[in-house]
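Q: Quick one: structure below, then a few questions.
The values are calculated or read from the model by the stated rules, or taken from the named source; none is laboratory data. Owing to the predicted nature of the structure, the values given are computational and were not obtained by experimental measurement. In this analysis, Cβ positions are derived from the backbone assuming ideal geometry, glycine residues included, and neighbour counts consider all displayed protein chains.
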Amino acid sequence: MALGSCVSLQLLIEWIVLFLFFSEASFASNTEAEALLKWKDSLGNQSILQSWVAPENSSSRTLSPCLWRGITCDNAGNVTQINLPNVGLTGTLQYLNFSSLTNLLRLDLRENQLTGTIPSSIGVLYKLQYLDLATNLVYGTLPLSLANLTQAYELDFSRNNITGIIDPRLFPDGSAPNKTGLVSLKNFLLQKTRIGGRIPEEIGNCKFLSLLALDESRFYGPIPSSLGNLSELTVLRLSGNLFSGNIPPNIGTLSKLTDLHLLTNQLSGFVPAELGNLSSLTVLHLAENQFTGHLPQQICQGGKLVNFSAAYNNFSGPIPVSLKKCHTLYRVRLEHNQLSGFLDQDFGVYPNLTYIDLSFNKVRGELSPKWGECKNLTALRVAGNLLGGKIPDEVVLLNQLRVIDLSSNQISGELPAQLGKLSNLLVLNLKDNMLSGQVPVGIEGLSSLEDLDLSSNMLSGPIPYQIGECSKLRFLSLGMNSFKGTIPYQIGNLVGLHDLLDLSYNLLSGGIPSQFAKLTSLAQLNLSHNKLSGSIPASLSNMLSLVSVNFSHNNLEGPLPDTSIFQLADPDSYSNNKDLCGEVQGLRRCTTRANEKDGGMKKSKLVIIVASIASALFLSLALAELAYTMEVNEKSDVYSFGVLAFEVLMGKHPGELISYLHSSANQEIHFEDAPDPRLPPPAERKAVDLLSRVITLARSCTRVDPRSRPTMRTVSQLLEMKAAGSE
Amino acid sequence: MTKKPNTPPLLPFFLALALAISSVNPLKKWLIFYLLSVFLSLLLSISPSLSSNSEGNALHALRSRLVDPTNALQSWDPALVNPCTWFHVVCDSNSHVTRLDLGNSNISGTLGPELGQLKHLKYLELYRNDIGGKIPKELGNLKNLVSMDMYGNKFEGEIPKSFAKLKSLIFLRLNNNKLSGSIPRELTTLKELKVFDVSNNDLCGTIPVDGPFASFPMESFVNNRLNGPELKGLVPYDFGC
């Protein structure tokens, strides 16, 4: 019995110990769980936090969040990590009780839609190592309490609406021992925020700082020279701000620096040559500033430079000598400066190079055959320089090329015979050079070509008809050369021509191909300053997209096509031709005698004579008719009066009576002959007499021959006399 | 080529503030002061767009909607600071995209609203591909657009009325698609429009006759279900549609 009670007592003690142990652990977890649940409630409906629940009948002692989504605990059951990136969280951090979560090592809430400010209470997370709130909608300023996160090695607040400045007190003050400040900071990211102000020099006290990314925010002032003390710095990104002043020379001491991004700021002065000491440098971006002086000559001393940009500055002087053997180069952008140097001597072979732009500098020399070994080159841009020499045939080996722009140089010689091998080429711009010779046959191999500009050179020979097979051409300019012969009709096959077809200022002869009618997408057509003859084909009225034409200074004749673009074009579009006609100022109007020949002259004289005689005859007949008609018109009025008089007396239309009266020889008639039967006969003799005379008058008015009828004047005089006589 | 942020119009604001404070009784003064300070903070928080990477983002979003079997968009690297070195893209001297040339590129997929963010775009050339879906109405935001060529695709749905906002447009070619609905009357306000082609679609209703439409040839409208020119005052213009 005693043993049994011993065992049970032992068991009881064990249970109590275990119970106390676990209850303590779960007690800690319970306040953490409660804090998390309280936060969850404040966020509203978040389906992703479904697993965050308190079981129904549990006592608060058994509540553990360690199996909840995004929650990680240590062996003691403390919450050490909250990882909820990109889960659609909305709401704020306002109700996240950090003081209940002081075991947190990692808080990752990036790529959500959290708003609100960063609570100052976050400073109690004294163990926190990793804090990522990037890509949210957080606003307000960075709380000063962040300085208490002395263990934090990574802070990322990028892509938020955070404002304000970086307070210098966030960083250690340099005195030993550092009690506060982000002493452990390795990665500090504030990209694309609204934070501004200067970077405090105190940042130089973050001895372990490796990545500092402040791109595209609103920082201004100088680049702190204390950055030169950060010997662990590997990535320094300050692009897209308003930094001004010089690059501190001691940046050159950062032997671990691989990425230096200073793009798009207001930096000025000389770039320190010390940058050549950066033995680990792979990416250097100096473009879009106001730098002057020379480029650091030893920039690729470490032999690792991959990406180098210095475009859009005022750099002058030579191409850095270290670039010649810089075989790792992948992208180089030095355009829009005043760099001098020699293209063939200052550059070497770059098997990884995909893009190089040296345009608008003062580079001399020529394109050396070595460029043919840059097999991965997709863009070769050296426009607007002082290049001479020839285009080497080796260029055609670069079958990845999409863009060649060597315009505005002094390149001479001929186009490479095998140019057609560049089947991926989209843009070939050789405008404004001194190229001679012919366009090589095989040009149809440029099957991807969209833009071809060979204008302003000394090219000669014919325009090869094979150009009609470059079916993707959108823009074709061959103007200002010495091309001869006729315009190949195959150009009409280039139905993709959109922007421009310019063959102006050449020696082209023959006619304009009617096949141009197929170019229904073409907007601008310039054939001026050639020796084209014949007419402008009427079929060109099919070119419904044209907004601009120029046919001036040719030998063209004939009518313009009848669409409005041709008819309403500027007179300058047609000046100095042979005999174009149309409704345009400066051109004569077209008539049916458009094709004048010798026989036409005689024919027209005959027509004139016949027409004159006919007109004379017609006129005389017409005049006679007119005279006759006038007389007849007046006397027919008299006739009508007579008929009317009869009607009044008889009460009806006289009709047959008139013809009876005319046939009878009697000159006199009496009223009794034609009374109105509805009226009683007149009683007095005088009335009968009067009425009879009216009848006589009426009769004379209705005589057949108009000339024997009286005039109305006579009629009215007679009626007045009769009236007077009757009184 | 540095970028200067836009400064908000602070002078008139302060003038208004001074006037308000001087002319109102003390009780209302505080209310006005509070409201004005809220307004000020809003004003200061309006951010100018510092980089043209937003245009790169828009093009990158476009790329994700398109299917590109010939890798025409291979050079479209979003890690680059702007899209101006991408092939088929042309920028102006301020690094804003002015041309998008993807005609004849074997591309399919659809377009999205993000194209409307390319505020400086002048030439939108997407012709002769296999792009389907609707034409996004956001394209009406491209107020600098001179040429829009979407012909020879599989676009469906209606011609957006928002195209009436494209006040600089000279060329609008939407022919050879599967567009339906009527030709929006609002397009007659586009004074610069010189070339307009909607032939070979499934459009219905009548053809506008006002403004630039007076000069477009009949070939621009053939092969649709259009009911001839609009009869003004006699017949409602979109009957049968």
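Q: In the range B:157-214, what count of residues is obtained for those that are modelled with pLDDT of 95 or more, small (Gly, Ala, Ser) and touching a Ser or Thr at 6+ places or on another chain (Cβ under 8 Å)?
A: Qualifying residue count for the region: 3.
Q: Taking the options B:136, B:113, name whichever one is surrounded by fewer than 17 Cβ atoms within 10 Å (Cβ to Cβ), under 21 Å from residue B:55 (Cβ atoms) and touching a residue at least 12 places away in the same chain (Cβ under 8 Å). Full working, then the answer.
A: Working: B:136 fails: surrounded by fewer than 17 Cβ atoms within 10 Å (Cβ to Cβ).
None of the others qualify; the one that does is B:113.
Q: For the range A:162-195, how many residues are in contact (Cβ under 8 Å) with a residue 40 or more places away in the chain and within 14 Å of another protein chain (Cβ to nearest Cβ)?
A: Within the range A:162-195, residues that are in contact (Cβ under 8 Å) with a residue 40 or more places away in the chain and within 14 Å of another protein chain (Cβ to nearest Cβ) number 3.
Q: Inside the range A:338-365, can you point out the residues that are closer than 21 Å to residue A:431 by Cα and surrounded by 21 or more Cβ atoms within 10 Å (Cβ to Cβ)?
A: Within the range A:338-365, A:343, A:355, A:356, A:357, A:358, A:359, A:361, A:363 meet the criteria.
Q: A further question on this structure: Pairs please, first residue from the range A:78-97 and at positive phi, second anywhere and buried (at least 20 other Cβ atoms within 10 Å of the Cβ) and among the aromatic types (Phe, Trp, Tyr), Cβ atoms under 8 Å, 6+ apart in sequence or on different chains.
A: Final answer for the pair search is none.
Q: Can you tell me which residue is nearest to the other protein chains (Cβ to nearest Cβ) among those in the range B:98-108 that are more than 26 Å from residue A:285 (Cβ to Cβ) and surrounded by fewer than 20 Cβ atoms within 10 Å (Cβ to Cβ)?
A: B:104
Q: Output the strands (runs of 3 or more DSSP E) that fall wholly within the range A:460-551 and possess 3 or more residues being out of contact with any Phe, Trp or Tyr (no Cβ under 7 Å at 6 or more places or on another chain), or say none.
A: The qualifying strands (runs of 3 or more DSSP E) are A:475-477, A:482-484, A:524-526, A:531-534.
Q: Among the residues of the range A:489-498, is any more than 14 Å from chain B (Cβ to nearest Cβ), aromatic (Phe, Trp, Tyr) and crowded, with 18+ Cβ neighbours inside 10 Å?
A: No, because not a single residue in the range A:489-498 is more than 14 Å from chain B (Cβ to nearest Cβ), aromatic (Phe, Trp, Tyr) and crowded, with 18+ Cβ neighbours inside 10 Å.
Q: Please specify each residue of the range B:175-184 satisfying the condition of being crowded, with 20+ Cβ neighbours inside 10 Å, away from every other protein chain (no Cβ under 14 Å) and assigned to a loop (DSSP other than H, G, I, E, B).
A: Selection gives B:177, B:183.
Q: If I filter the range A:332-352 for residues that are under 33 Å from the mean Cα position of the chain (by Cα) and of a type in the set (Ser, Thr, Tyr), do I get at least one hit?
A: No, every residue in the range A:332-352 fails to be under 33 Å from the mean Cα position of the chain (by Cα) and of a type in the set (Ser, Thr, Tyr).
Q: Among the residues of the range A:302-337, what is the count of those that are surrounded by 23 or more Cβ atoms within 10 Å (Cβ to Cβ) and at positive phi?
A: Matching residues across the range A:302-337 total 1.
Q: Pull out all pairs, ordered by first then second residue, where Cβ-Cβ is under 7 Å, the residues are six or more apart or on different chains, the first lies in the range A:330-354 and is free of Cβ contacts under 8 Å to residues at least 24 places away in the same chain, and the second is of a type in the set (Gly, Ala, Ser).
A: Every condition considered, the pairs that remain are A:342/A:365; A:345/A:365.
Q: Can you tell me which of A:542, A:526 is surrounded by fewer than 21 Cβ atoms within 10 Å (Cβ to Cβ), under 21 Å from residue A:564 (Cα atoms), away from every other protein chain (no Cβ under 14 Å) and touching an Asp or Glu at 6+ places or on another chain (Cβ under 9 Å)?
A: On the way: A:542 fails: away from every other protein chain (no Cβ under 14 Å).
So the residue among A:542, A:526 that is surrounded by fewer than 21 Cβ atoms within 10 Å (Cβ to Cβ), under 21 Å from residue A:564 (Cα atoms), away from every other protein chain (no Cβ under 14 Å) and touching an Asp or Glu at 6+ places or on another chain (Cβ under 9 Å) is A:526.
Q: Residues in the range B:88-97: is at least one within 14 Å of chain A (Cβ to nearest Cβ), free of Cβ contacts under 8 Å to residues at least 40 places away in the same chain, within 25 Å of residue A:336 (Cα to Cα) and of a type in the set (A, V, I, L, M)?
A: For the range B:88-97, residues within 14 Å of chain A (Cβ to nearest Cβ), free of Cβ contacts under 8 Å to residues at least 40 places away in the same chain, within 25 Å of residue A:336 (Cα to Cα) and of a type in the set (A, V, I, L, M): present.
Q: Also: Would you please name the residue that is nearest to residue A:587 (Cα to Cα), looking only at residues in the range A:545-562 that are within 14 Å of another protein chain (Cβ to nearest Cβ) and surrounded by 17 or more Cβ atoms within 10 Å (Cβ to Cβ)?
A: Restricting attention to the range A:545-562, the residues satisfying the condition of being within 14 Å of another protein chain (Cβ to nearest Cβ) are A:545-549, A:561-562.
Checking the rest, the ones that are also surrounded by 17 or more Cβ atoms within 10 Å (Cβ to Cβ) come to A:545-546, A:549, A:561.
Details: A:545: 24, A:546: 21, A:549: 16, A:561: 14 Å.
Here the answer is A:561.
Q: Further question on the same structure: On the given criteria, is residue B:124 more than 19 Å from residue A:521 (Cβ to Cβ) and buried (at least 18 other Cβ atoms within 10 Å of the Cβ)?
A: So residue B:124 fails the test.
Q: Let me ask something else about it. Among the residues of the range A:298-350, which ones are touching a Lys or Arg at 6+ places or on another chain (Cβ under 6 Å) and among the aromatic types (Phe, Trp, Tyr)?
A: Selection gives A:342 alone.
Q: Among the listed residues B:193, B:172, B:187, B:145, identify the single one that is crowded, with 20+ Cβ neighbours inside 10 Å, in a helix (DSSP H, G or I) and either aliphatic (A, V, I, L, M) or within 14 Å of another protein chain (Cβ to nearest Cβ) (or both).
A: Exactly one residue qualifies, and that residue is B:187.
Q: Mind counting the residues in the range B:196-208 that are part of a loop (DSSP other than H, G, I, E, B) and either within 14 Å of another protein chain (Cβ to nearest Cβ) or under 17 Å from the mean Cα position of the chain (by Cα) (or both)?
A: Looking only at the range B:196-208, we keep the residues that are part of a loop (DSSP other than H, G, I, E, B), and these are B:198-203, B:208.
After this cut, where a residue has to be either within 14 Å of another protein chain (Cβ to nearest Cβ) or under 17 Å from the mean Cα position of the chain (by Cα) (or both) as well, the list is B:198-200.
Looking only at that region, the number is 3.
Q: Please indicate, with yes or no, whether at least one residue in the range A:271-283 is touching a strand residue (DSSP E or B) at 6+ places or on another chain (Cβ under 6 Å) and within 13 Å of chain B (Cβ to nearest Cβ).
A: There is at least one residue in the range A:271-283 that is touching a strand residue (DSSP E or B) at 6+ places or on another chain (Cβ under 6 Å) and within 13 Å of chain B (Cβ to nearest Cβ).
Q: Quick one: which strands (runs of 3 or more DSSP E) sit completely within the range A:304-407 and have at least 1 residues that are farther than 25 Å from residue A:445 by Cα, within 12 Å of chain B (Cβ to nearest Cβ) and among the charged types (D, E, K, R)?
A: In the range A:304-407, A:331-333, A:355-357 are the strands (runs of 3 or more DSSP E) which contain 1 or more residues that are farther than 25 Å from residue A:445 by Cα, within 12 Å of chain B (Cβ to nearest Cβ) and among the charged types (D, E, K, R).
Q: Quick check on my filter: what residues within the range B:209-225 are within 15 Å of residue B:176 (Cα to Cα) and more than 14 Å from every other protein chain (Cβ to nearest Cβ)?
A: B:223, B:224, B:225
Q: Turning to a different aspect of this structure: Kindly provide the set of residues from the range A:87-111 that are within 39 Å of the chain's Cα centre (by Cα) and modelled with pLDDT of 95 or more, ordered by number.
A: A:109, A:110, A:111
Conditions tested, residue by residue: (1) assigned to a strand (DSSP E or B); (2) modelled with pLDDT of 95 or more; (3) away from every other protein chain (no Cβ under 14 Å).
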| residue | (1), (2), (3) |
| --- | --- |
| B:76 | no, yes, no |
| B:81 | no, no, no |
| B:120 | no, yes, yes |
| B:131 | yes, yes, yes |
